[in-house]
Structure formats: C-alpha cells, structure tokens
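Notes follow once the structure below has been shown.
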Amino acid sequence: MFPLSTARSIRVRLLAAAVLGLAPALSAADSARLEAINAQAQAAHGKRNLGDATPLYQELLAAEPPVTPSAAQRARILKFAPRLVLVRGEFFPLKDIAAIVHPDKPVIAYHLFWEDDLGFPSDNDPCDHEVVWVEYDPATERVTRVHTYWHGRIVTTDAATADANMHAGRPWIGVEWGFHGSIPWQAVGSVKVVDDVLRDHWNKAHRELKARAPDPLARGWPREFTGDYAAFTRFSVSFDPRPMLRERDLQYVSRWANATLNRYCLRYNFAAKTEWPWLAVPR
C-alpha cells in the first residue's frame, strides 16, 4: 500500500495551484503515482477484497476528490443518457444508475447496476454492473462515439453514433435478457463477438439452466428463457433511465470511476469494470 503522504502531497500541490489561479493539472509523476494506487485498489476489488481496496480508494480520492457537476455538465448527462431497450420478460430491474464525467476528456460513463445476473447468483456481488460510454464534441454537442462494456470486451459501432445523433444525442442500447450486456445500435448481426456471446447465452438460458441443480440463492429466478433466439434478441421494451438519474443524483466528475462509485455512490459491492473505453479491459 502506498503511504498516505503520497496522496496528501499531490493534493497539496493541486490546492496550491488552484490558489495561484493555475490549472490544477496532474504532473506526469503524480498521475503515474495515482494510476498505480488505482491499479492496486482495483486488483484488490477484483478479488472482492474491499478491506484492502477501500483504503486505497480513499487515498486516491483524497488526492483528487470527485466534484459535483456544473449545470452544463448535468444538462449533458441527461442529454446523452442512453435509451435502454429491454427484451420482453426481463426479470431483473435496474437497481441504480450513476454518471461519471471525465474531468479532461469529453466523455460520460453511465454505470448501470441491475438487480443481479442470471448466470452468477453466488458471486457475492449484489448487482450486475454494466457500462455505457458516450463521447461527444464539446463545440457542437454531437455524439462522436458510443462504447459499451460487453462481457470483458469494449464494443462500438459506427451506426450507434449516427443513431444517437438522430435522437438528440441519446444512444440506443439493447439490454441482454438476464445477463444485461449492453449492445450498441446495429451491433447484433454485425459484430461477431456480440453474436457469439448472445448465441451462447441464449443456449444457456434456453437449454442448460433448467438442467442444472438449482442454486439456493437463485430461488424465484427464471429457470428458462422459453423463446427462440429471435425472441432473445428482440429488443422491444423501452426504459428511460433519466428519472432515476435525477432521483438518485449519483453524478460526479472524476477520472477514478470505480473509486467514486465505491466511496460516493453505492453502499453495496459491485464488480469493478473498465473505467474508460480507451483503457485495457482487466483480466
């Protein structure tokens, strides 16, 4: 673990710059130190060792605390909020949503927390964490790219950007039945990894699940998706997350998304996912 003086010294330098009217940018050395703390925290979090992860997250955010979005940033959060479209018969409700605005780059991360994941009743995570990122042009306020976290991959399509701009900046996101992978517009049928995982998950939900011994923690959950593959990929139930965004008000500006979610947003554990679409997916 890094000494607390590391984070404190970085914070002192940032505060001093702010007092002098300078842009409180991180130096390359400070950025590297904080990136190392974040990596160590996420490694512990990935093992569900919150006893080690949380103090590191606290140290990280002591150096560079999240800030409340400005009125303009709040307006953008709502402007670019995804249009979620579910498969009929989805069992798990959306439990929470948080929006994290990057402090330096024009991108917003929408973190979706579904009640659980059909495939993982016993993973000790009381939610299913998914992510949608929307990049935009600050001058025109048009979407420039839509990315989603897709079962350990980052997925995007050109069509998703065009569709978002045809809908006032709000991207279409299909929500996979039971497993909640987030699918950009026209990814089904054009992105191989999306089709491969969907076909595998339909087979599990339609054929394999009912043949397995029931998990005691999955009592009351569906034991089968009764429809065919076409039904499994028919996104027809619209869900607007903006009322929940307004009500929960889990909106922050921070480069440290998982730390902010852990310390400022949620009182329950979640799986730490890729924080920004240009970063490597953790294995």
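The values are calculated or read from the model by the stated rules, or taken from the named source; none is laboratory data. Everything quoted here is computed from the prediction, not taken from an experiment. As a convention, Cβ positions derive from the backbone with ideal geometry for all residues, glycine included, and neighbour counts pool all protein chains shown.
Worth pointing out:
- Failed condition for residue 272, given (1) in contact with a Leu (Cβ under 8 Å, 6 or more places away or on another chain); (2) aliphatic (A, V, I, L, M); (3) assigned to a loop (DSSP other than H, G, I, E, B): (1)
- Only listed residue being more than 26 Å from residue 106 (Cβ to Cβ), polar (S, T, N, Q), in contact with a Leu (Cβ under 9 Å, 6 or more places away or on another chain) and at pLDDT 95 or above, chosen from 226, 233, 260: 233
- Taken together, the residues in the stretch 24-55 that are hydrophobic (A, V, I, L, M, F, W, C), surrounded by 15 or more Cβ atoms within 10 Å (Cβ to Cβ) and outside any helix (DSSP H, G or I) amount to 1.
- Scope the stretch 220-240; condition within 26 Å of the chain's Cα centre (by Cα), surrounded by 17 or more Cβ atoms within 10 Å (Cβ to Cβ), of a type outside the set (Val, Ile, Thr) and assigned to a loop (DSSP other than H, G, I, E, B); matching residues: 222, 225
- Restricted to the stretch 80-127, and to residues there that are farther than 22 Å from residue 264 by Cβ and part of a strand (DSSP E or B), the residue that is farthest from the chain's Cα centre (by Cα) is 87.
- Unique match (being within 21 Å of residue 92 (Cβ to Cβ) and over 18 Å from the mean Cα position of the chain (by Cα)) among 188, 175: 188
This table checks each residue for (1) in contact with a strand residue (DSSP E or B) (Cβ under 6 Å, 6 or more places away or on another chain); (2) surrounded by 13 or more Cβ atoms within 10 Å (Cβ to Cβ); (3) modelled with pLDDT under 95; (4) in the same structural domain as residue 80 (by TED's automatic domain parsing).
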| site | (1), (2), (3), (4) |
| --- | --- |
| 107 | yes, yes, no, yes |
| 117 | yes, yes, no, yes |
| 124 | no, no, yes, yes |
| 145 | yes, yes, no, yes |
| 150 | no, yes, no, yes |
| 177 | yes, yes, no, yes |
| 195 | no, yes, no, yes |
| 206 | no, yes, no, yes |
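- Filter result for residue 169 (surrounded by 13 or more Cβ atoms within 10 Å (Cβ to Cβ), closer than 30 Å to residue 135 by Cβ, in contact with a Lys or Arg (Cβ under 7 Å, 6 or more places away or on another chain) and in the same structural domain as residue 133 (by TED's automatic domain parsing)): yes
Residues are listed down the side, and each one gets a yes or a no for (1) farther than 19 Å from residue 239 by Cβ; (2) aliphatic (A, V, I, L, M); (3) out of contact with any Cys (no Cβ under 7 Å at 6 or more places or on another chain); (4) in contact (Cβ under 8 Å) with a residue 24 or more places away in the chain:
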{"residue": "155", "(1), (2), (3), (4)": "yes, yes, yes, yes"}
{"residue": "160", "(1), (2), (3), (4)": "no, yes, yes, yes"}
{"residue": "176", "(1), (2), (3), (4)": "no, no, yes, yes"}
{"residue": "213", "(1), (2), (3), (4)": "yes, yes, yes, no"}
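- Test result for residue 84, within 27 Å of residue 249 (Cα to Cα), in the same structural domain as residue 210 (by TED's automatic domain parsing) and touching a strand residue (DSSP E or B) at 6+ places or on another chain (Cβ under 6 Å): yes
- Complete set of residues in the stretch 176-222 that are acidic (Asp, Glu) and farther than 30 Å from residue 161 by Cα: 208, 215
- Test result for residue 190, among the hydroxyl-bearing types (Ser, Thr, Tyr), touching a Lys or Arg at 6+ places or on another chain (Cβ under 9 Å) and surrounded by fewer than 20 Cβ atoms within 10 Å (Cβ to Cβ): no
- Among the residues of the stretch 94-116, those that are charged (D, E, K, R) and over 18 Å from residue 150 (Cα atoms) comprise 95, 96, 104, 105.
- Looking at 140, 148, 144, just one residue is in contact with a Phe, Trp or Tyr (Cβ under 7 Å, 6 or more places away or on another chain) and among the polar types (S, T, N, Q), and that residue is 144.
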